[in-house]
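The values are calculated or read from the model by the stated rules, or taken from the named source; none is laboratory data. For clarity, every value in this text was computed on a predicted model and none was experimentally measured. Because the Cβ atoms are built from the backbone with ideal geometry, glycine has one as well, and the counts that use them run over all protein chains shown.
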Amino acid sequence: NLVYLNGDWVADENAKVSVFDRGFLFADGVYEVVPVYQRRPFLLNLHIQRLQRSAEAIGIESIAAEFWYQLVSDLIHRNNLDDCLVYIQLTFGADSQRSHLPTQPLTPTIYASVSPLQVHWNTPTPVKVAVLEDIRWHRCDIKSISLLGNIMLKREAAKKGALEPLLHRNGRITEGASCNYFLVKQGALYTPPADHLILAGITRTWVIQLARQLGIEVFEVVCDVNQLQHADEVFLTSSSREVQPVGQIDDIIVGNGQCGVITAQIAEAFHASKR
Ligand code: PDD
C-alpha cells in the first residue's frame, strides 16, 4: 500500500522516519483510526476533531481540518480501497539529538496509511474478556501513540485466553485496552462517562445516539466489577470492531453466552447507519 509521510507518497516498505523522531524516542505523538465504508470515511469530522484535541493537549501546533480531510480522501483513492481502516499519526517531529525537551522548534511528522477492514457485522461472535487492573496513566482521553500499558494488558488478557482486557480502577470498570464497553441491564444501556480515564470513542458516541433513537435509555455512569458480572448483556465498541458482543467475563458466562437481543439491535442499527 501507499502511505503518506511528510508530504510524500511512498510504498509502505520504503517509508523511513528519523531515529531522532520524538515519536520513536518518547512516543511523543497522537493518532486516529478511521473506518472507511464504500470509500466514505465514517464520522470523519468527529475523528479529526478528536485528533486536534489530542494534538493540542500534548502541545503540537494545530493543523487545519481541511488538510486532514484531503489527506484521508487521497489515501483512499490512491490505494483504491472500498472498505478499510485509515491510520493517521502525528508526532512532535525529529530533533537533532535525544533530549527530553525539544532543543529547537520542530516540524511535526505526519504519517498516514490504510489497512484492511474485516468486520462480520451479521454474525457478531461473542468474545471473552478478562477483568484486569487499569495500570495506565490518568490522561486516557488523549489518543496517545504511547500504548505500552494497553499492550501489556492485552498480552496479559491473551494469556488468559481473552480477546480483550476490561480494565478497572479500584473496582470501577473504565474501558478495554483498545475499545469502550457498554453493559445492558433491564433493557437500558450503561457506559462510563467520558472523563480523563477513558478515550471518548467515536463509536461509543454514535452508539449512544443510535440507542436513544431506538428508544433505549442510556446512562453514562461509572459501573463496578459486580455490575459488569451481573449484566444481562455486555458489548465492546471501537472503529475497527464496531459493536462486538461479550459472551464471557473471566469464568462467568454473560446471559446464555450468545449475542444478546439489545446488542443485536444496536449492531443492526450501526450497520444500517453506515450506508
Ligand atoms: N482504538 N478506547 C481505547 C483505549 C482505544 O484505543 C479505542 C480505539 C477506543 C474506541 O474508540 P473509537 O470508537 O473512536 O475507535 C476506546 C483504535 C481502534 C486502535 O487503537 O486501533
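Every residue in the stretch 249-275 that is surrounded by fewer than 18 Cβ atoms within 10 Å (Cβ to Cβ) and polar (S, T, N, Q), please. Before you say what the answer is, go through the steps one by one.
Narrowing the stretch 249-275 to residues surrounded by fewer than 18 Cβ atoms within 10 Å (Cβ to Cβ): 250-253, 256-258, 261, 264-265, 268, 271-275.
Of everything in the stretch 249-275, those that are surrounded by fewer than 18 Cβ atoms within 10 Å (Cβ to Cβ) and polar (S, T, N, Q) turn out to be Asn256, Gln258, Gln265, Ser273.
In the stretch 222-242, which residues are over 20 Å from Ile135 (Cα atoms), more than 14 Å from the ligand (Cβ to nearest atom) and buried (at least 21 other Cβ atoms within 10 Å of the Cβ)?
Answer for the stretch 222-242, where residues must be over 20 Å from Ile135 (Cα atoms), more than 14 Å from the ligand (Cβ to nearest atom) and buried (at least 21 other Cβ atoms within 10 Å of the Cβ): Ala231, Glu233, Val234.
Per-residue answers, yes or no, for (1) assigned by TED's automatic domain parsing to the domain that holds Gln89; (2) within 15 Å of the ligand (Cβ to nearest atom); (3) within 20 Å of Phe182 (Cβ to Cβ):
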residue	(1), (2), (3)
Ile110	yes, no, no
Val131	no, no, yes
Ile135	no, yes, no
Cys140	no, yes, yes
Ser146	no, yes, no
Met152	no, yes, no
Glu164	no, yes, yes
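Might you let me know whether the stretch 99-121 holds any residue that is more than 28 Å from Asn1 (Cα to Cα), buried (at least 18 other Cβ atoms within 10 Å of the Cβ) and not hydrophobic (A, V, I, L, M, F, W, C)?
Taking every residue of the stretch 99-121 in turn, none turns out to be more than 28 Å from Asn1 (Cα to Cα), buried (at least 18 other Cβ atoms within 10 Å of the Cβ) and not hydrophobic (A, V, I, L, M, F, W, C).
What do you reckon, is Val218 of a type in the set (Val, Ile, Thr) and free of Cβ contacts under 8 Å to residues at least 40 places away in the same chain?
Details: of a type in the set (Val, Ile, Thr): yes; free of Cβ contacts under 8 Å to residues at least 40 places away in the same chain: yes.
Here the answer is yes, as Val218 does meet what is asked.
Would you mind finding the one in Asp141, Asp134, Asp82 that is exposed (fewer than 13 other Cβ atoms within 10 Å of the Cβ) and either within 16 Å of the chain's Cα centre (by Cα) or within 30 Å of Thr263 (Cα to Cα) (or both)?
On the way: Asp141 fails: exposed (fewer than 13 other Cβ atoms within 10 Å of the Cβ); Asp134 fails: exposed (fewer than 13 other Cβ atoms within 10 Å of the Cβ).
Answer to the selection: Asp82.
Can you find a residue that is in a strand (DSSP E or B), β-branched (Val, Ile, Thr) and at negative phi anywhere in the stretch 134-144? Break it down into steps so the answer makes sense when it comes.
Keep residues of the stretch 134-144 that are in a strand (DSSP E or B), which gives 144.
Keeping just the survivors that are β-branched (Val, Ile, Thr) gives none.
No, every residue in the stretch 134-144 fails to be in a strand (DSSP E or B), β-branched (Val, Ile, Thr) and at negative phi.
Could you go through the stretch 53-64 and let me know if any residue there is aliphatic (A, V, I, L, M) and within 22 Å of Asn80 (Cα to Cα). It would help to see each step written out before you state the result.
Going through the stretch 53-64, the residues aliphatic (A, V, I, L, M) turn out to be 55, 57-58, 60, 63-64.
Filter once more, keeping what is within 22 Å of Asn80 (Cα to Cα): none.
No, the stretch 53-64 contains no residue that is aliphatic (A, V, I, L, M) and within 22 Å of Asn80 (Cα to Cα).
Is it fair to say Gln118 is within 18 Å of the chain's Cα centre (by Cα) and either closer than 24 Å to Gly29 by Cα or free of Cβ contacts under 8 Å to residues at least 40 places away in the same chain (or both)?
Numbers: within 18 Å of the chain's Cα centre (by Cα): yes; either closer than 24 Å to Gly29 by Cα or free of Cβ contacts under 8 Å to residues at least 40 places away in the same chain (or both): yes.
It is true that Gln118 is within 18 Å of the chain's Cα centre (by Cα) and either closer than 24 Å to Gly29 by Cα or free of Cβ contacts under 8 Å to residues at least 40 places away in the same chain (or both).
In the stretch 203-221, how many are outside any helix (DSSP H, G or I) and either within 16 Å of the ligand (Cβ to nearest atom) or in contact with a Gly (Cβ under 8 Å, 6 or more places away or on another chain) (or both)? Can you show your working first?
Filtering the stretch 203-221 down to residues outside any helix (DSSP H, G or I) leaves 214-221.
Narrowing further to those that are either within 16 Å of the ligand (Cβ to nearest atom) or in contact with a Gly (Cβ under 8 Å, 6 or more places away or on another chain) (or both): 216-218, 220.
Count: 4.
Under the condition of being among the β-branched types (Val, Ile, Thr) and in a strand (DSSP E or B), which residue from the stretch 174-202 is farthest from the ligand (Cβ to nearest atom)? Quick ask: steps written out before the conclusion?
Going through the stretch 174-202, the residues among the β-branched types (Val, Ile, Thr) turn out to be 174, 184, 191, 198, 202.
Filter again for in a strand (DSSP E or B), leaving 174, 184, 191.
Working: Thr174: 9, Val184: 18, Thr191: 11 Å.
Checking each candidate, the answer is Val184.
Here is a check on your reading of the model: is Thr125 of a type in the set (S, T, N, Q) and either surrounded by fewer than 16 Cβ atoms within 10 Å (Cβ to Cβ) or closer than 18 Å to Thr237 by Cα (or both)?
Working: of a type in the set (S, T, N, Q): yes; either surrounded by fewer than 16 Cβ atoms within 10 Å (Cβ to Cβ) or closer than 18 Å to Thr237 by Cα (or both): yes.
For Thr125, the condition - of a type in the set (S, T, N, Q) and either surrounded by fewer than 16 Cβ atoms within 10 Å (Cβ to Cβ) or closer than 18 Å to Thr237 by Cα (or both) - is met.
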